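So the structure is just underneath, and the comments pick up after that.
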Amino acid sequence: MNRDTLAQILDLARWAPSGDNTQPWRFEIVGEDQVAIHGFDTRKHVVYDFNGRPSQMAHGALIETLRIAATGFYHVIDWTIRAGSPEDAPVYDVTFRNMPDLEPDPLFPYIEQRVVQRRPMRTQPLGSLQRRSLEKAVGKDYSLRFFEGAIERLKVAKLLWDSADIRLRSPEAYLVHREIIEWGERYSKDRLPEEAVGVDPVTAKLMKWVMGSWGRVQFFNRYLLGTIAPRIQLDFIPGFSCAAHILMQPRTAPTGLMDYLQAGIALQRLWLTATANDLYLQPEMTPVIFRWYARAEQKISIVEALNQKANELTEAFESLACAKKDDSFVFFCRVGVSGMPRSRSIRKDLGDLWVG
Ligand SMILES: Cc1cc2nc3c(=O)[nH]c(=O)nc-3n(C[C@H](O)[C@H](O)[C@H](O)COP(=O)(O)O)c2cc1C
């Protein structure tokens, strides 16, 4: 395959989603029809990247996007995890094969259109065709549990409200939040632009100032009910204002890298299919991630009260989902109809994603 075609495929694949737009991948051309993807994770400094799982799911989303992108250029891909590559820096070897009669994947047109919507969406319920199409998108290895109707959405909004309290009071999460927002911007190549975060401009200004130091955050939280405004705007209102929340559960418990890659493939198929069905989507991973910590008996924070809160949140989540302690949750999100977001994360230039 010529270099131009390869560059066009990778240029499209770049639009795969990743937690906080970290883009935990770099590309290397290793042969005429061969690319190595150098994955990495952020578990050492990002509290949300529990055991690297969200990054691994992003790798899976990238591989699926690459596969779909390649079909638009008459190519299929084969990929493997390079033997001996470390779990926190896995290398994926991808080979492209030309198939002149190949039809583009039906999800191809949605690769660039897919975007996160963090603002309130309409409460218009999902149609049965939309629901079936989302279920089909994730395949037989995953089940989808839909939380619909005002009462269920209200219960999820309360869960997100409680989850946000842990997020906003944790010094470990503060270290992440202060790095990931590009203030005053509508587009960001390597973070979340302020306007895509989902708060009004006045709250955003206040958040920027408060997040300037951990002392200010603590003072605001303690004396000025500082978590209330962001929790209302980022969690409670959007939690209620959507068509449905969707919990994706694997039918067999994931055990390692390959299983989280597969979950990432399924999540990207779900998201692209939502886009094809005129729905927007927002991942809501914090309750899932806090549950991973709680069920592995690992601490989220040096603040013991927050670990205790995560245990309570986990029980509330399981009770809401009618799930048992050892059932697996891999992805949680909300979907609905809305206008197109005015602001979005864009991506690093392809030129900045090469290694070698
Ligand atoms: C594994 C994973 C977890 C994510 N978790 C969240 C989340 O909890 N909350 C949220 O608002 N967005 C979440 N996102 C969305 C990313 O922040 C978003 O995809 C990224 O910033 C790029 O923006 P885009 O999807 O609009 O292109 C997640 C994405 C992935 C792939």
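Once the chain from ASP349 to ARG186 is taken as fully extended at 0.36 nm per residue, the excess over their C-alpha distance is 57.0 nm.
Mean sequence separation of contacting Cα pairs (under 8 Å, at least six apart), scaled by the length of the chain, corresponds to a relative contact order of 26 percent. When the Cα atoms of the range 128-345 are aligned to their principal axes, the ranges along those axes come out at 48, 40, 35 Å in descending order.
Between the helical axis of 3-13 and the longest alpha-carbon principal axis of the chain there is an angle of about 20 degrees. Note on the range 1-94: Cα-Cα pairs beyond 15 Å make up 58% of the total pair count. Across the options GLN282, ASN307, GLY239, the greatest Cα extent toward the positive end of the charge dipole of the range 199-316 (unit charges at beta carbon of Lys, Arg, Asp, Glu) belongs to ASN307. If you look at the Cα atoms of the range 88-150, you get an Rg and a Dmax of 17.3, 50 Å. As I understand it, the value is the acute angle between the Cα axis of helix 171-180 and the longest principal axis of the Cα atoms of the chain; what does it come to in degrees, rounded to 10? Roughly 50 degrees, rounded to the nearest 10. A 29 angstrom limit on the alpha carbon distance is what I want to check against. Which of LYS158/LYS324; LYS158/LYS299; LYS299/LYS325; LYS136/LYS299; LYS299/LYS348 exceed it? Over 29 Å apart, Cα to Cα: LYS136/LYS299; LYS299/LYS348. For the range 166-256, GluC sites (Glu not before Pro) are listed when DSSP marks them as loop and at most 16 other Cβ atoms sit within 10 Å of their Cβ; the list is GLU185. If one takes the longest principal axis of the Cα atoms in the chain, at what angle in degrees, from 0 to 90 and to the nearest 10, does the Cα axis of helix 128-138 lie? In the chain, helix 128-138 runs at an angle near 70 degrees to the longest axis.
How big is the gap, in Å, between the Cα center of the range 310-326 and the Cα center of the range 208-276? Cα centres, the range 310-326 to the range 208-276: 17 Å. When only Cα pairs under 8 Å and 6 or more residues apart are kept, what is the percent relative contact order across the range 247-329? Relative contact order of the range 247-329: 39 percent.
Taken together, the values in this text are just the output of simple stated rules run on the coordinates, not laboratory data. Because the structure is a prediction, the values reported are computed rather than measured. Cβ sites come from the backbone with ideal geometry, for glycine too, and all protein chains shown count toward neighbours.
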